[in-house]
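*Asks:* One structure, pasted below without further comment.
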């Protein structure tokens, strides 16, 4: 995918944050005493075990890490809510209750000026690779980590992916938005509210019940992969296009625990996470196509395009959110400037 006449390649995508991660580590000299040290970490996920990302992101990482370290580094995995859920995960990692977790940046927007950009500005980007480029090459992840490190925390992306909404009833015009109660999170809450909907926060494991009982009329949990794995289409068969935006799922690390690792294990872990950010993002796009095809063929899912007047309303809401990000401070403003330059290069603005 061209950018200023160059090709975005895997080395460029992983380089920035891997260098940042390496800068946090102790000298890469492994003594004979700790070269064979074995480590086991508890990892609290924000994904329920039924979620596709729990298995395809976290379980795969667990297996590859154990394989690459010859069994020296094992991860003990916990699904959403087993130790903590949603916003609580960041705090238990920061306090060292567990050394690692998965989280959406949208749960902790107040922890860094650029966190909203790391989560993604709804309506700003149109493809997953653009979010990867913003995150890794344009420095958003580094901006976030520069503020998190003094708090004893570091984040690295798991994947960039689309956010698409599923609904129990079809939208025909902008007039329908006012009656919609939609489960959401992070900046997307403000975005949907600015567009005229009534967004509500509901924890991942509780979304299906909330939709089936009428507490909410729709939800987003990723896009088609999330809707299929979480069985949302059983109660909300209208899958809306285009994507509301693009976001990141991330791994969050306790910095003291990370730096306490033997240097070789630390490097293997951070390198693997960086490598898998590229692999998972591409894999997820393929899984999206398969999931949507499955939904249409076997679950009577109907793909519905937002009406033009709704798209116009969403575009106006996106501008409001972008300005709010800029107003958070100079770090956020610098990140937004980089993102807007990319949007200009792509002809979006």
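The values are calculated or read from the model by the stated rules, or taken from the named source; none is laboratory data. A quick note: this is a predicted structure, and the numbers were derived from the prediction, not measured. Here the Cβ is made from the backbone with ideal geometry for all residues, glycine too, and neighbour counts use every protein chain on show.
*Asks:* Kindly indicate the residue of region 301-337 that is assigned to a loop (DSSP other than H, G, I, E, B) and at pLDDT below 95 and also surrounded by the most Cβ atoms within 10 Å (Cβ to Cβ) among those meeting that condition.
*Replies:* Here the residue is 306.
*Asks:* Which of the residues belonging to region 91-105 are crowded, with 23+ Cβ neighbours inside 10 Å and in a helix (DSSP H, G or I)?
*Replies:* Selection gives 93, 105.
*Asks:* Which numbered condition in (1) more than 18 Å from the chain's Cα centre (by Cα); (2) more than 30 Å from residue 232 (Cα to Cα); (3) modelled with pLDDT of 95 or more; (4) not in a helix (DSSP H, G or I) is the only one that residue 42 fails?
*Replies:* Of the numbered conditions (1) more than 18 Å from the chain's Cα centre (by Cα); (2) more than 30 Å from residue 232 (Cα to Cα); (3) modelled with pLDDT of 95 or more; (4) not in a helix (DSSP H, G or I), the odd one out for residue 42 is (2).
*Asks:* Go through region 55-81 and count every residue that is without any contact (Cβ under 8 Å) to a residue 40 or more places away in the chain and either surrounded by 22 or more Cβ atoms within 10 Å (Cβ to Cβ) or over 25 Å from residue 95 (Cα atoms) (or both).
*Replies:* 6
*Asks:* Would you please name the residue that is surrounded by the most Cβ atoms within 10 Å (Cβ to Cβ), looking only at residues in region 147-175 that are part of a helix (DSSP H, G or I) and not assigned by TED's automatic domain parsing to the domain that holds residue 195?
*Replies:* Out of the qualifying residues, it is 148.
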